[in-house]
Structure formats: structure tokens, C-alpha cells
1. Would it be correct to say that Y15 is modelled with pLDDT of 85 or more and either touching a helix residue (DSSP H, G or I) at 6+ places or on another chain (Cβ under 6 Å) or surrounded by 10 or more Cβ atoms within 10 Å (Cβ to Cβ) (or both)?
2. List pairs: first residue in the stretch 44-59 and assigned to a helix (DSSP H, G or I), second residue among the small types (G, A, S) and modelled with pLDDT of 85 or more anywhere in the structure, Cβ distance under 7 angstrom, at least six positions apart or on different chains.
3. Which ones in the stretch 26-35 are in a helix (DSSP H, G or I) and surrounded by 14 or more Cβ atoms within 10 Å (Cβ to Cβ)?
4. What are the pairs, 6+ residues apart or on separate chains, where a residue within the stretch 1-27 that is under 16 Å from F49 (Cβ atoms) has its Cβ under 7 Å from a residue that is modelled with pLDDT under 90 and outside any helix (DSSP H, G or I)?
5. Can you say whether G10 is surrounded by 14 or more Cβ atoms within 10 Å (Cβ to Cβ), at pLDDT below 90 and not in a loop (DSSP other than H, G, I, E, B), as far as the supplied structure shows?
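The values are calculated or read from the model by the stated rules, or taken from the named source; none is laboratory data. Owing to the predicted nature of the structure, the values given are computational and were not obtained by experimental measurement. Ideal geometry is used to build each Cβ from the backbone, glycine not excepted, and the neighbour counts take in all protein chains shown.
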Amino acid sequence: MAEGNGAAAGGGAIYGLGILGAWVYFWQEADGFWWHLLAVLEGLIWPAFLVFDALRALD
């Protein structure tokens, strides 16, 4: 069996929680149909920027 797959699964779970948290935040801030649609898109993209900036800060 391959070793080290647990960390990848844990990272996916944390990323998923980040998406859910971003959706809750952006959904509450949205006002109107298009803002809610934008909130869904921002929720998908925002955690990627967060992880990118965190990794860049560790360099």
C-alpha cells in the first residue's frame, strides 16, 4: 500500500471546510440574485488564494 495518502485526504477536508465557510460568509453579504451567484463563485475560488498566500508566506 502507498504511504502518505492520509495527509492528502486531510488537506481535502480542510479545503472543503474552507469552501463551506467562504460560502456562508459571502452568501450572508450578498444582496440580490447576481450577488448570490457571485458568492458561490467566490466561495470556490477564495480558499485557493488563501492557501496560495499561506504557502508563499512560508517560503
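1. no
2. W46/A22; P47/A22
3. Result: F26, W27.
4. Pairs found: none.
5. No; evaluated as a whole, the condition is false for this residue.
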